[in-house]
Amino acid sequence: MADNSYFKYRYKELIEFNLKEKTHVSIVGNSNNFLLSTLLEYNEECNVFVGDKELNNDNLNTIRKRMSFVLSKHLNIFVGETVKDEIAFGLESLAKKKHEIRELIDSKSKIFKLDDLLKKDPNSLGSSDKVKMKLLSALIVEPNILVIDNVISELDYNDKLLVFDILDEYTKNGGIVINLTNDIEESMFSNRIIVIYNRKLVCDGKTLSVLNEEKLLKRLGIGLPFIVELNKYFMDYGMINKYYLTNEKLVGALWK
């Protein structure tokens, strides 16, 4: 493609955006179900390109190999009897050798802090561990694009920080994260936010640039992340002069 974008999406000229490699984007608004169904099932009214391939019936299988999905509606659906079997499923589908699968699962499960749970039944896991298992299963096959649909909110605080560190590393290595979310708090961990309302692109830009559109966001019923509200409050009183986007950094700045 001319602008070297890896992912391009267009819907009837109303929505159009490109995502390049090394991008983590949060998409918020009231059209995420439409966007997700388009990516999953193909919609003839939309133009979706992944690299040089258009998402259509002819290229569906090729493009699926470039993308992984983690969906809230599939959070409690499993194909393996154990956590290890669940993670291995995608690798087996790629015809990886058994020793390669074993080595990958052993190393990657430690990163996700799941190595002590590999022999457990996936149904026995708590919500946070289920999300980590699903994310690991999606990332271990090395997709170009990871699509996440409203599951990050199921993570507990420490696991959320761990997962976003992992996603940062994934994007640094060239990956694209598309986080379709109803929780504006999650946007704090992305480097770009796209707001789509009634299937129209309303706002698109760097995270803080979009979050500064306070009136627009509130008019759409989206609001601001709590940590941004706090930053604005302290900035109004001259207690800080820039944004600190984690609790730890904000507290540290206030106590200087």
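The values are calculated or read from the model by the stated rules, or taken from the named source; none is laboratory data. Given the structure is predicted, the values throughout are model-derived calculations rather than measurements. All Cβ positions, even for glycine, are placed from backbone atoms using ideal geometry, and neighbour counts span all protein chains on display. SASA here: full protein model, heavy atoms, side chains in, ligands and nucleic acids out. Shrake-Rupley method; radii C 1.70, N 1.55, O 1.52, S 1.80 Å.
If you take just the strands (runs of 3 or more DSSP E) that sit entirely in the range 1-91, which of them hold at least 1 residues that are among the hydrophobic types (A, V, I, L, M, F, W, C), touching a Gly at 6+ places or on another chain (Cβ under 9 Å) and modelled with pLDDT under 95?
It comes to 7-11.
Where residues in the range 86-118 are of a type in the set (A, V, I, L, M) and within 20 Å of the chain's Cα centre (by Cα), which of them is surrounded by the fewest Cβ atoms within 10 Å (Cβ to Cβ)?
Result: ILE111.
Going by what's in this entry, would ASP236 be described as closer than 28 Å to ASN30 by Cβ, of a type in the set (Asp, Glu) and either modelled with pLDDT of 85 or more or open to solvent by less than 80 Å² (accessible area, probe 1.4 Å) (or both)?
no
Spot the failing condition for ASP204; the list is (1) within 29 Å of LYS256 (Cα to Cα); (2) outside any helix (DSSP H, G or I), and only one is missed.
Result: ASP204 passes all but (1).
List the pairs whose first member sits in the range 70-89 and is small (Gly, Ala, Ser), whose second member is open to solvent by 10 Å² or more (accessible area, probe 1.4 Å), and whose Cβ atoms are under 6 Å apart, counting only residues at least 6 apart or on separate chains?
Note: pairs meeting the criteria are SER72/ASP149; SER72/ASN150; GLY80/GLU86; GLY80/PHE89; ALA88/ILE101.
Report yes if LEU161 is of a type in the set (A, V, I, L, M), surrounded by fewer than 19 Cβ atoms within 10 Å (Cβ to Cβ) and assigned to a helix (DSSP H, G or I), otherwise no.
Answer is yes for this residue.
Report yes if some residue within the range 40-54 is more than 23 Å from the chain's Cα centre (by Cα), of a type in the set (S, T, N, Q) and over 18 Å from VAL151 (Cα atoms); otherwise report no.
Checking the range 40-54: not a single residue is more than 23 Å from the chain's Cα centre (by Cα), of a type in the set (S, T, N, Q) and over 18 Å from VAL151 (Cα atoms).
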